[in-house]
């Protein structure tokens, strides 16, 4: 889809440059060119994200990240702010749930 949209946007842009239309049809063509370029960009981004978006199961940690899931959400971390408080909360969380 990205290739088709990119080729259509390129073809339409070339036609607009050659024709040099400055009327309603030229504006509509320019808007269609922008729309096609946007569709091409979103399709490429979606294809890249689909390849990266393979997540492991909840019980597994990602390989090579070196970070264990702590069960602390971002709002709690922002509210705490202090490294010692975060460390104490993480230790307490691991003590309460020894299987993790």
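When peptides 21-28, 40-47, 87-94 are sorted by average Cβ neighbour count within 10 Å, with the highest value leading, the order is 40-47, 87-94, 21-28. Length gained on full extension, residue 3 to residue 17: 2.9 nm, using 0.36 nm per residue less the C-alpha separation.
Based on the alpha-carbon gyration tensor of the stretch 2-52 and its eigenvalue square roots a ≥ b ≥ c, which shape applies: rounded if a/c is under 1.5, prolate if not and a/b is larger than b/c, or oblate?
Taking the square roots of the gyration eigenvalues as a ≥ b ≥ c, the stretch 2-52 is prolate.
Across the stretch 2-52, Cα pairs under 8 Å and at least six residues apart give a relative contact order of 54 percent.
Throughout, read-outs are computed from the coordinates displayed, never taken from laboratory work. Nothing here was measured: the structure is a model prediction, and the numbers come from that model. No Cβ is skipped: glycine too gets one built from the backbone with ideal geometry, and neighbour counts run over all protein chains shown.
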